[in-house]
1. From the list (1) 43, 34, 19; (2) 39, 26, 22; (3) 79, 31, 21, can you say which value of Cα extents along the principal axes in Å was derived from the structure given?
2. As a test of the definition: which semi-axes, in Å, follow for segment 1-58 when you take the square root of five times each eigenvalue of its alpha carbon gyration tensor? Largest first, please.
3. With θ set to phi - 60° and the Karplus curve 6.51 cos²θ - 1.76 cosθ + 1.60, what are the ³J(HN,Hα) couplings of segment 27-40 in order, to the nearest whole Hz, using x for Gly and Pro?
4. Give me the extension gain from residue 52 to residue 33: residue separation times 0.36 nm, minus the current Cα-Cα distance, reported in nm with one decimal.
5. Hey, in the GNM for the chain with a 10 angstrom Cα cutoff, which one of 55, 68, 78 fluctuates hardest?
6. Could you run the Karplus curve 6.51 cos²θ - 1.76 cosθ + 1.60 with θ = phi - 60° over segment 46-58 and give me ³J(HN,Hα) per residue in whole Hz, x for Gly and Pro?
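Derivation of every value follows stated rules applied to the coordinates shown; laboratory data play no part. Note that the coordinates shown come from a computational prediction; the quantities given were computed from them, not determined experimentally.
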Amino acid sequence: MGTRKYPPELRDRAVRLYRESEPRPVIRRLAEQLNVHPEALRNWIRQAQADHGERDERPSTAMLEENRRLARENAELRRVNDVLRAASAFFASEIDPTRRRS
């Protein structure tokens, strides 16, 4: 079975239904009613619990987004550093003709 991308509104509604129901519904049954994969619903619920400080074993959505932002920034800084290193080597060889270009 391939992965499906569910709309954020469906995720929010599904999690809200689960969290606001007393007693808590069986995830499999709620997933069937909403026509979503039970594991997808289970993951959404776990993530909502992490976001509300109810689970410690998984990072919050804010932390995940910050990690993604930092990874992108880190990759960009590496690219810039590579360009600067190459430019530095080039200009050093221009100033000192005895240095060989690599």
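1. Working out Cα extents along the principal axes in Å from the coordinates points to (3).
2. Values for segment 1-58, descending: 18, 15, 10 Å.
3. 4, 4, 5, 4, 4, 4, 4, 8, 6, 10, 5, x, 5, 4
4. Result: 4.3 nm gained on full extension.
5. Highest fluctuation among the options: 78.
6. 4, 5, 4, 5, 5, 5, 9, x, 9, 9, 9, 7, 9
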